[in-house]
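Read the structure below first, then the notes.
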Amino acid sequence: MANPAPAFTSAEYAARLADVQARMAGQGLDVLLVSDPSNMAWLTGYDGWSFYVHQGVVVPASGDPLWWGRGMDRAGAKRTIWMADDLILSYEDSYVQNPEKHPMEDLAAQLAARGLAGGRFGVEMDNYYFSAKACEALFTSMQAERVDATGLVNWARAVKSPAEIAFMRKAAGIVTRMHEVIAELAEPGLPKNALVAEITKAGILGTEGAWGDYPAIVPMTPSGLDATAPHLTWDDQPLRAGESTFFEIAGVYRRYHAPQSRTLFLGEPPKRYREAEAAVADATEAALAEAGPGALCGDVARAFNATLKRHGFTKDSRCGYSIGLSYPPDWGEHTMSFRESDTTELRPGMCFHFMPALWLDDGGIETTEPILISDTGAERLAATPPGLVVKG
């Protein structure tokens, strides 16, 4: 049965395919195997929690792509992709997690039968879902020249279509609501896991006209000294007066992510926190003023870092990265970053998580923004108030 509710029009999927095939031609590729689930979904619409087994989308130099995966996932492919059923390939279940044989051996045989097992064959070498064993099994089973095509589809996704931007706006509305729930419910004594449950509930309920999808990264919510580290999650400890907690979360709509962070302080923040808050706010305004069409990613980072330094603070990591459609374990697109060495030119339709987080000796301050590069500059996508969230 055909997909009853495709995320995008046939014309948009056709344009995406044409873009990828043009990029393949530029690299002299005869075939491309896409194994990143975000890239698979962007090209075909496929949406299933099946990335724990080997799967992929095969893109020939011309013509429609092929979906390939576990036999039981054929039904999910039929329900979500735009291609015809005869372009859905699968392997039998005896290949699943079997040390005696590998699913890539099946893919090689099926491609050989279609005349696609030779020439310059691109694969996403630096991808969570394409293992060293998969690469070995695939190229041992066919005669083809292996070409590293990491990022080819990711870069095709960099400029969002109007339909994608509409999805990003809905995701941003959801994350705005999630932060409202934090501000409403947080109080001393509330167990952290209970608050995370309410955040998650709000994210999945979504907002009027936008249901909430699951995020590629779980809520990161460290408190106190734990907040000196950026990537800790939650436990059952109560929120405490005189302590900060930052919340790095994302609203998600149909796999499109709008990450945003805010820092909660229960009680009056110390002077150092207020100084850091002012520094980040000033540096954020300087960076976003720079983030318009024609500017470079490095220009944004330089504006941010120079302003932050004038306030007596430094940040030794990037201050932003490209976002859009994503699956676990990351909501970044793995393309552009706001770092001084990145010479990528900003174009209207690009979306970023602007990430001016600071980690201090006794906690962390994260006040981040999902932004859109418009025709005139940088637009904040979410309506969450800036600065620290202070209660009590």
Residue pairs qualifying under the 7 Å Cβ cut-off, at least six apart or on distinct chains, with the first in segment 1-29 being touching a residue at least 60 places away in the same chain (Cβ under 8 Å) and among the acidic types (Asp, Glu) and the second being exposed (fewer than 14 other Cβ atoms within 10 Å of the Cβ) and not in a loop (DSSP other than H, G, I, E, B), are GLU12/ALA163
Give segment 228-273 a look and list any residue that's touching a residue at least 60 places away in the same chain (Cβ under 8 Å) and of a type in the set (Lys, Arg), or say none. ARG254, ARG255, ARG262, ARG272
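Step by step: first the residues of segment 224-255, then only those that are in a loop (DSSP other than H, G, I, E, B) and at positive phi, then the one that is nearest to the chain's Cα centre (by Cα). Which residue is that? Please lay out each step first, then the result.
Step one: of segment 224-255, the residues in a loop (DSSP other than H, G, I, E, B) are 229-237, 239-243, 254-255.
With the extra rule that they be at positive phi, the set shrinks to 242, 254-255.
On the way: GLY242: 33, ARG254: 12, ARG255: 9 Å.
Top of the filtered list is ARG255.
Conditions tested, residue by residue: (1) among the β-branched types (Val, Ile, Thr); (2) farther than 20 Å from SER374 by Cβ; (3) modelled with pLDDT of 95 or more; (4) part of a loop (DSSP other than H, G, I, E, B).
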{"residue": "HIS257", "(1), (2), (3), (4)": "no, no, yes, no"}
{"residue": "ALA276", "(1), (2), (3), (4)": "no, yes, no, no"}
{"residue": "ASP282", "(1), (2), (3), (4)": "no, yes, yes, no"}
{"residue": "ALA287", "(1), (2), (3), (4)": "no, no, yes, no"}
{"residue": "PRO293", "(1), (2), (3), (4)": "no, no, yes, yes"}
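Looking only at segment 116-125, which residues are part of a strand (DSSP E or B) and either in contact with a helix residue (DSSP H, G or I) (Cβ under 6 Å, 6 or more places away or on another chain) or open to solvent by 30 Å² or more (accessible area, probe 1.4 Å) (or both)? Show your work before the answer.
Going through segment 116-125, the residues part of a strand (DSSP E or B) turn out to be 120-123.
Residue satisfying the conditions is ARG120 alone.
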Give just the number: which of (1) of a type in the set (Ser, Thr, Tyr); (2) at pLDDT 95 or above; (3) in contact with an Asp or Glu (Cβ under 9 Å, 6 or more places away or on another chain); (4) surrounded by fewer than 21 Cβ atoms within 10 Å (Cβ to Cβ) does THR228 not satisfy? (2)
Those residues of segment 208-223 which are in a loop (DSSP other than H, G, I, E, B) and open to solvent by less than 30 Å² (accessible area, probe 1.4 Å) amount to GLY212, ASP213, ALA216, PRO219, THR221, PRO222
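From ALA61, ALA41, ALA7, ALA22, which residue is loosely packed, with under 13 Cβ neighbours inside 10 Å and on the phi < 0 side of the Ramachandran plot?
Of ALA61, ALA41, ALA7, ALA22, the one residue that is loosely packed, with under 13 Cβ neighbours inside 10 Å and on the phi < 0 side of the Ramachandran plot is ALA22.
In the list ALA186, ALA113, which residue meets the criterion of being farther than 27 Å from MET220 by Cβ and either of a type in the set (A, V, I, L, M) or surrounded by 13 or more Cβ atoms within 10 Å (Cβ to Cβ) (or both)? Lay out the reasoning, then the answer.
Numbers: ALA186 fails: farther than 27 Å from MET220 by Cβ.
Being farther than 27 Å from MET220 by Cβ and either of a type in the set (A, V, I, L, M) or surrounded by 13 or more Cβ atoms within 10 Å (Cβ to Cβ) (or both) holds for just one of ALA186, ALA113, which is ALA113.
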Listed residues ALA306, ALA279, ALA289; which is open to solvent by 40 Å² or more (accessible area, probe 1.4 Å), over 25 Å from the mean Cα position of the chain (by Cα) and of a type in the set (A, V, I, L, M)? ALA306
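Based on this model, can you work out whether THR150 counts as within 18 Å of the chain's Cα centre (by Cα) and of a type in the set (S, T, N, Q)? Break it down stepwise before answering.
Working: within 18 Å of the chain's Cα centre (by Cα): yes; of a type in the set (S, T, N, Q): yes.
So THR150 fits the description; yes.
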Listing of strands (runs of 3 or more DSSP E) fully contained in segment 311-392 that carry 3 or more residues being modelled with pLDDT of 95 or more, in contact with a Gly (Cβ under 6 Å, 6 or more places away or on another chain) and farther than 21 Å from MET178 by Cα: none
Could you list, ordered by first residue, the pairs with Cβ atoms under 9 Å in which the first is in segment 199-223 and within 25 Å of GLY48 (Cβ to Cβ) and the second is aromatic (Phe, Trp, Tyr) and part of a helix (DSSP H, G or I), at least 6 apart or interchain? ALA210/PHE167
Tell me the residue from SER341, SER337 that is in contact with a strand residue (DSSP E or B) (Cβ under 7 Å, 6 or more places away or on another chain) and over 13 Å from ARG262 (Cβ atoms), please. SER337
Filter segment 136-146 down to the residues that are touching a residue at least 24 places away in the same chain (Cβ under 8 Å), within 25 Å of ALA22 (Cα to Cα) and surrounded by 16 or more Cβ atoms within 10 Å (Cβ to Cβ) and list them by number. LEU138, MET142, ALA144
Those residues that are closer than 20 Å to THR343 by Cα and surrounded by 15 or more Cβ atoms within 10 Å (Cβ to Cβ), I need them from segment 309-323; list them, please. LYS315, ARG318, CYS319, GLY320, TYR321, SER322, ILE323
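Consider segment 147-181. How many of its residues are outside any helix (DSSP H, G or I) and loosely packed, with under 14 Cβ neighbours inside 10 Å?
So in segment 147-181, the residues outside any helix (DSSP H, G or I) come out as 147-151, 157-161.
Pick out the ones that are also loosely packed, with under 14 Cβ neighbours inside 10 Å and you get 148.
Result for segment 147-181: 1.
The values are calculated or read from the model by the stated rules, or taken from the named source; none is laboratory data. The model shown is predicted, which means the values in this text are computed figures rather than measured ones. All Cβ positions, even for glycine, are placed from backbone atoms using ideal geometry, and neighbour counts span all protein chains on display. Note: accessible area is taken over every heavy atom of the protein model, side chains too, but ligands, DNA and RNA are not part of it. Shrake-Rupley method; radii C 1.70, N 1.55, O 1.52, S 1.80 Å.
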